[in-house]
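Down below is the structure, laid out as structure tokens.
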Amino acid sequence: MTKPTLLAISGSLRKGSFNRMLMHEAARAFGDAEVLVADLNMPLYDGDLEESKGIPAQVQALADQISAADAVLISSPEYNKGIPGVLKNALDWVSRVPGAVLNGKPTVVVSAAAGRTGGETAQFMVLSCLTQLQVRLMPGPSVLVAAASNEFDENGNLKNELYKKTLTTRMQALRAEVVPT
Ligand SMILES: Cc1cc2nc3c(=O)[nH]c(=O)nc-3n(C[C@H](O)[C@H](O)[C@H](O)COP(=O)(O)O)c2cc1C
């Protein structure tokens, strides 16, 4: 393999999202790679829409990115102690695309949130959904960035060395899984 391809997914659509910052930090920690950034802006899953029009172009684009990726990184916020709707919606749509593109895909999930637990409940829910999709979840110490508004500098870089170290451990393990040594 030359350069591995990493698909980076932020569960927040917001431009100034801390999860988007964490996603970019994780991509840097992964090292030299072709990085694809997912766009979760897509219609709400609707079985009638699926039946009448098929898989929407935005969903197919995401599924194609997943297929092209050697590894996937998801950074998710926590909304009301749960998985954000946009991320769940995207996973639901992708699960409808023929070919089970997420099946066996090496994946790391991290989270950043305003609260003191760093989105732990949401992260657990994301992991649970991905288990159903038979994603190859890479184990390791949790990256849960709490009080996220205090944790990034003006350039969007993580300030806390402990978070950086854990994130690097996780991303290097993901890299080792997909890059033959
Ligand atoms: C609808 C909604 C629900 C939220 N619920 C939680 C929550 O349950 N736990 C938490 O720590 N933060 C919660 N927050 C605050 C988010 O963690 C915070 O807005 C965070 O910055 C969102 O991630 P982002 O910066 O990537 O967009 C909530 C925010 C919104 C908009």
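Starting from the range 9-37, keep only residues that are over 30 Å from Pro180 (Cβ atoms), then list their pairs with residues that are more than 8 Å from the ligand (Cβ to nearest atom) and part of a helix (DSSP H, G or I) whose Cβ atoms are within a distance under 8 Å, requiring at least 6 positions of separation or different chains.
As it stands, the answer is Gly11/Val86; Gly11/Leu87; Gly11/Val126; Ser12/Val86; Leu13/Val86, since those pairs meet every condition given.
Filter the range 140-167 down to residues that are in contact with a helix residue (DSSP H, G or I) (Cβ under 8 Å, 6 or more places away or on another chain), in a helix (DSSP H, G or I) and crowded, with 18+ Cβ neighbours inside 10 Å, then give me how many there are.
Total meeting the criteria: 2.
Residues of the range 81-97 being open to solvent by 30 Å² or more (accessible area, probe 1.4 Å), more than 15 Å from the chain's Cα centre (by Cα) and not hydroxyl-bearing (Ser, Thr, Tyr), which ones?
Within the range 81-97, Lys81, Arg96 meet the criteria.
Sort out which residues of the range 62-80 are more than 17 Å from Ala29 (Cα to Cα), of a type in the set (D, E, K, R) and surrounded by fewer than 22 Cβ atoms within 10 Å (Cβ to Cβ), and write them in order of number.
Once the filter is applied, which keeps residues that are more than 17 Å from Ala29 (Cα to Cα), of a type in the set (D, E, K, R) and surrounded by fewer than 22 Cβ atoms within 10 Å (Cβ to Cβ), the range 62-80 yields only Asp64.
Kindly indicate whether any position in the range 92-103 is more than 19 Å from Leu40 (Cβ to Cβ) and touching an Asp or Glu at 6+ places or on another chain (Cβ under 6 Å).
No; the residues of the range 92-103 include none that is more than 19 Å from Leu40 (Cβ to Cβ) and touching an Asp or Glu at 6+ places or on another chain (Cβ under 6 Å).
Considering each residue of the range 82-124, count those that are in contact (Cβ under 8 Å) with a residue 24 or more places away in the chain and more than 12 Å from the ligand (Cβ to nearest atom), and give that number.
So the count comes out to 21.
Condition first: of a type in the set (Phe, Trp, Tyr) and in contact with a helix residue (DSSP H, G or I) (Cβ under 6 Å, 6 or more places away or on another chain). Can you find one or more residues in the range 45-66 that meet it?
yes
Sort through Tyr79, Tyr45 and tell me the only one that's aromatic (Phe, Trp, Tyr) and within 12 Å of the ligand (Cβ to nearest atom).
Exactly one of Tyr79, Tyr45 is aromatic (Phe, Trp, Tyr) and within 12 Å of the ligand (Cβ to nearest atom), namely Tyr79.
Which ones in the range 1-42 are surrounded by fewer than 22 Cβ atoms within 10 Å (Cβ to Cβ), of a type in the set (Val, Ile, Thr) and within 16 Å of the ligand (Cβ to nearest atom)?
Hit for the range 1-42 is Val37, nothing else.
The values are calculated or read from the model by the stated rules, or taken from the named source; none is laboratory data. Source: prediction; values computed, not measured. Ideal geometry is used to build each Cβ from the backbone, glycine not excepted, and the neighbour counts take in all protein chains shown. Side chains are part of the model used for accessible areas, which takes the heavy atoms of the whole protein and leaves out ligands, DNA and RNA. Shrake-Rupley method; radii C 1.70, N 1.55, O 1.52, S 1.80 Å.
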